[in-house]
Amino acid sequence: MSFSELGLDPLILKSVLAAGYENATPVQQKAIPAALSGGDLLVSSHTGSGKTAAFLLPSIQRLLTESTGKGMGPRVLVLTPTRELALQVEKAAMTYGKDMRRFRTACLVGGSPYGLQLKRLSQPVDVVVATPGRLIDHLERGKIDFSRLEVLVLDEADRMLDMGFVDDIKSIAARCPKERQTLLFSATLDGVVGNLARELTRDAQRIEIAAVPMQESKIEQRLLFADNMDHKNRLLDALLRGVEMTQAIVFASTKRSTEEISDLLAESGFASDALHGDMQQGQRNRALQRLREGRTKVLVATDVAARGIDVAGISHVINFDLPRQAEDYVHRIGRTGRAGRTGIAVSFAGMREGGLVKNIERYTGNRIEVHTLPGLEPTQKPSAGRPPAGRPSSSGRPRTNNAPRSGAGEKRSFGDRSEPRSYGDRPPRGDSRDNRDRGYRADARPAPSGDRPARSDAPPRGNRFEGAPRTPYADRPPRNEGFRGADAPRESKPEVDGNSVAYWEKRERDAKTKAAAPRGGYGDRGNSSRPSSGQPSNAQPRSYGTDNRGGGSARVGVRGRFKD
């Protein structure tokens with residue numbers, strides 16, 4: 001079906017034909033007429049199926065009529081998960097609306113300066129393409145309003161939910177007018193995506209496009225097993241030096257790996273660049289621009305580039321690290337073989353990554369053929385996680401301890417556990433295979449717990465100090481005879497009446513007698529005949545018991561020694 005049969009305006013149809021599009025894809029044939037009717041849509045389609053034109057063309061056609069709302073906010077808002085995809089969508093919007101008068105777009109993504117974005121928003125704008133995080137920043141600053149918003153588009157909704165944007169999406173949708181058209185495009189419409197769709201849409205029409213088999217998409221898939229990281233590096237070098245390689249994207253699992261692989265390729269003489277989420281948007285744009293211009297032959301990237309890169313010269317996609325999600329594999333290899341072109345997708349797999357390969361094959365419905373490079377064949381054998389061709393992946397019976405485990409080879413066994421055993425039946429540790437290998441001796445180990453007698457039959461332990469003569473501690477002499485033990489009779493103390501007059505008279509007499517007695521100085525205490533050093537022999541001894549200050553009367557006693 002041609003685009004002229006979809007009901008598009010001649011002005012937009014002219015731009016589409018000028019861009020080189022002739023026939024509409026299946027998702028465009030169903031989504032464009034349904035979106036032109038004004039209802040909400042839920043569309044499920046695979047990558048590279050033409051979803052961008054499916055939601056942009058009917059949305060831009062709504063802009064041909066004047067807006068009834070007041071303000072300078074956008075009339076069409078498109079949310080995307082990554083910056084690269086946002087830039088690609090904005091570029092497509094400018095292509096489709098180039099023949100329209102006063103058609104303005106704005107791209108709000110992270111990593112780029114706010115100044116240029118605020119300048120775009122200071123004028124009336126028709127289409128805004130944004131990532132959720134940066135759009136929330138502008139909303140909180142009050143720099144954008146949705147008073148005249150008519151269409152809300154969620155592109156790659158499943159990817160945005162995987163990246164944790166569910167709360168941001170709900171917050172953005174809550175600020176949009178209720179009388180709007182919502183178009184949700186995703187690879188799947190089940191699970192969390194389905195719950196979000198029911199919350200944001202009203203009586204939405206559901207459109208599902210079956211995935212095209214990989215054989216029909218002209219992408220040849222290959223699988224190479226690698227022994228270790230050094231083997232991976234040698235395989236990558238051999239592939240990139242092949243005569244059929246024009247440009248390649250190498251996908252790694254971490255940001256650090258992209259930098260290391262890119263530096264390694266640059267040292268080997270390849271024109272390489274890195275692309276990951278920690279780079280500024282200007283750096284990412286320059287890396288993509290060099291790739292489009294052909295100055296970069298190899299782009300090493302994380303999954304941030306799995307969606308949003310459309311470069312005609314990419315002949316190879318190499319999965320240096322296998323993706324953990326099977327959906328990401330489809331998006332990765334979709335960077336080659338686009339728009340009817342041919343491409344080659346090569347995946348490196350470790351010997352214990354057979355489970356990941358099996359998950360990818362189950363998701364795509366096709367088996368990835370195993371290839372080898374001459375002189376770089378693997379020396380190890382892959383694990384049993386990937387069954388051979390024609391063999392079912394599971395027999396339907398429960399696994400036992402001795403059955404092979406999927407993706408991890410044979411399960412390790414720590415002895416024969418075919419029969420249950422108790423602690424009393426456990427053999428001596430010295431007889432086990434592991435202990436014999438370590439040089440343990442059975443006769444050097446204590447008796448096993450199973451040979452110990454029961455507590456009720458064991459002889460009493462007793463007291464090891466019972467009957468031993470008591471001796472003094474070390475060489476310390478025994479205590480004196482005046483020591484009274486705990487059983488010695490104690491003498492009764494006389495009764496003292498503290499309230500009697502005789503008691504206090506006796507206390508007063510004892511105090512006066514003690515005060516009248518002479519007290520020597522601190523330095524002469526205990527031996528007053530010896531003069532102190534540094535003092536003449538005829539010097540008077542110092543006394544700290546008198547205080548001659550104030551009237552010359554000596555104040556004695558305890559208080560007399562200190563200043564009041």
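Please treat every number below as a calculation from the coordinates, not as lab data. All figures in this text were calculated on a predicted structure; none of them were measured in a lab. Glycine gets a Cβ as well: all are built from the backbone with ideal geometry, and neighbour counts include every protein chain shown.
Taking label points 7 Å from Cα along the Cα-to-Cβ direction, R180 and N228 give a separation of 5.5 nm. As a size descriptor, the averaged projected area of the C-alpha convex hull of the range 108-167 was calculated at 4.6 nm².
Each Lys and Arg Cβ is given +1 and each Asp and Glu Cβ -1; about its Cα centre, the range 219-370 then shows a dipole of about 400 debye.
Of all lysines in the structure, the ones whose alpha carbon falls short of 23 Å from that of K255, not counting any fewer than 8 places away in one chain, are K232, K297.
Over 25 Å apart: what share of the alpha carbon pairs of the range 3-208 falls there, rounded to a whole percent? Above the 25 Å cut-off, the range 3-208 has 31 percent of its Cα pairs.
How much length would be gained if the chain were fully extended between Q283 and Q325, taking 0.36 nm per residue of separation minus their Cα-Cα distance, in nm to one decimal? Mind dumping the intermediate values first?
Details: separation 42, 0.36 × 42 = 15.12 nm, distance 2.74 nm.
So the chain would gain 12.4 nm between Q283 and Q325.
Anything over 27 Å Cα to Cα? Flag those among K143/K178; K51/K119; K218/K381; K51/K178, in the order listed. Among K143/K178; K51/K119; K218/K381; K51/K178, the Cα-Cα distance tops 27 Å for K51/K119; K218/K381.
Checking every one of the trypsin sites (Lys or Arg not before Pro) in the range 293-367 against DSSP loop status and a limit of 11 other Cβ atoms within 10 Å picks out R295, R324. Over the range 219-370, the hull volume per residue, using the convex hull of the C-alpha atoms, is 106 Å³. In this structure, S4 and R202 have a Cβ-Cβ separation that, at R0 = 41 Å, corresponds to a calculated FRET efficiency of about 0.85. Here the spin labels are modelled as points 7 Å beyond Cα on the Cα-Cβ line, and at T188 and A517 they lie 10.0 nm apart.
By the count of other C-beta atoms within 10 Å, a proxy for reagent exposure, V501, V153 are ordered fewest to most as V501, V153. Farthest toward the positive end of the dipole of the range 219-370, out of Y329, L224, V250, is the Cα of Y329, where the dipole comes from beta carbon charges about the Cα centre.
Label separation (R509 vs R241): 12.1 nm, computed from points 7 Å beyond Cα along the C-beta direction. Charge tally around G350: other residues with Cβ under 10 Å, Lys/Arg +1 each, Asp/Glu -1 each, net -1. Around M1, with a cut-off of 12 angstrom between Cβ atoms, what is the net charge of the other residues, counting Lys and Arg +1 and Asp and Glu -1? Taking every Cβ under 12 Å from that of M1, the sum is -1.
Local charge for R295 was computed over the other residues whose Cβ lies under 15 Å away, with Lys and Arg +1 and Asp and Glu -1, and equals +2.
Cβ-to-Cβ counts within 10 Å put D99, D155 in ascending order as D99, D155, the fewest first. For the range 95-205, the extents of the C-alpha atoms along the principal axes are 39, 30, 25 Å, listed from largest to smallest. What is the Cα convex hull volume of the range 30-93 when expressed per residue in Å³? For the range 30-93, the hull spanned by Cα atoms encloses 113 Å³ per residue. Only Lys, Arg, Asp and Glu carry charge here, each on its Cβ (+1 for the first two, -1 for the last two); on that basis the range 301-373 has a dipole of about 100 debye about its Cα centre. Using C-alpha pairs below 8 Å separated by at least 6 residues, the relative contact order for the range 29-149 is 32 percent.
The ranking of Y21, Y363, Y96, Y503 by Cβ neighbour count inside 10 Å, starting from the fewest, reads Y503, Y363, Y21, Y96. For the pair the range 113-138 / the range 232-279, the C-alpha centres are spaced 34 Å from each other.
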